[in-house]
Each structure stands twice: as C-alpha cells, then as structure tokens.
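The values are calculated or read from the model by the stated rules, or taken from the named source; none is laboratory data. Keep in mind the model is a prediction, meaning the values are calculated, not measured. FYI the Cβ positions are ideal-geometry reconstructions off the backbone, even for glycines, and counts take in every protein chain you see.
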Amino acid sequence: MADKAARPAAAHGGPASVPLTELPVRGRVDCTGFIESVTYQPANEQAHFSAIVVDRIAHRGDTGPLTRLRVIWLGRRKVPGIEPGTVLRLEGMVTPRDGMPTMFNPRYEILSRQEHQ
C-alpha cells in the first residue's frame, strides 16, 4: 500500500478509480477487485459482514503478492451477491485497521460473478 494522497475526483464528481496496488493510506477511492473470501459473524456477536478483496485471482504457480482490501458492512449479516469470485467496483473511504486497508459500508456494484459448475 503506497503512502499517497487520494487521487483527484473523476469528471462525474466521484473519486478517480485507482488500482488496489495504489490505494492511499487514507482517503476516498473508487477501485475494482475480486472477492477472495467472506466472513460471517455468529448470531451472538455484533452484526457485520466482511469480505477480503484482492487485485487478482491467484492461480496455481502464481507467486506474486496479492494486494488486499478488507471491506466491512456494519449492521448486516450478509450482503446479497457478495461471495468469493465476484468482481466488484467499490467506492468509499479507505482507512488502515489492524494493518490492512479497510473500507466501511462502501457503495458497490457487482461487475461479474464466477459461474459455479
């Protein structure tokens, strides 16, 4: 994660799109990535749903490091369509949390889903 300021806003008034490899330490961003994993919380814990978003899907033999972004939806136990393999466009504020860039309650758009066979 580079120590950079957020990029300037795009022409539509929102943040400019950045690759996950260029996320600022803090700031509003628009980015795209693949859901690597999701975490469901037990019913006796505070409701939130989280996912790890990566810059690419790792394949066998791929030794390059993955860039990860934790995404957390507060007050929800599940977000429809958010599952491993899904490609998302996310928009929100990035902040460091427990050593990982994290985005809370982002706006999102599902771009594609991995087909299950």
Checklist entry - Does Ala6 satisfy the criteria of being within 20 Å of Asn105 (Cα to Cα), of a type in the set (A, V, I, L, M), at pLDDT 95 or above and surrounded by 12 or more Cβ atoms within 10 Å (Cβ to Cβ)? => result no
Checklist entry - Which residues, taken from segment 95-117, are more than 14 Å from Thr32 (Cβ to Cβ) and outside any loop (DSSP other than H, G, I, E, B)? => result Thr95, Pro96, Arg97, Met100, Pro101, Thr102, Phe104
Checklist entry - Can Asp55 be described as under 18 Å from Val87 (Cβ atoms) and surrounded by fewer than 11 Cβ atoms within 10 Å (Cβ to Cβ)? => result no
Checklist outcome for this item: When (1) under 10 Å from the mean Cα position of the chain (by Cα); (2) closer than 23 Å to Pro42 by Cα are applied to Leu88, the one that fails is (2)
Item to check | Inter-residue pairs, beta-carbon under 8 Å, first at negative phi and in segment 77-94, second β-branched (Val, Ile, Thr) and in a loop (DSSP other than H, G, I, E, B), 6+ apart | outcome: Leu88/Ile82; Val94/Val25
Checklist entry - Hey, any hits in segment 70-86 for a residue that's of a type in the set (Lys, Arg), modelled with pLDDT of 95 or more and surrounded by 12 or more Cβ atoms within 10 Å (Cβ to Cβ)? => result yes
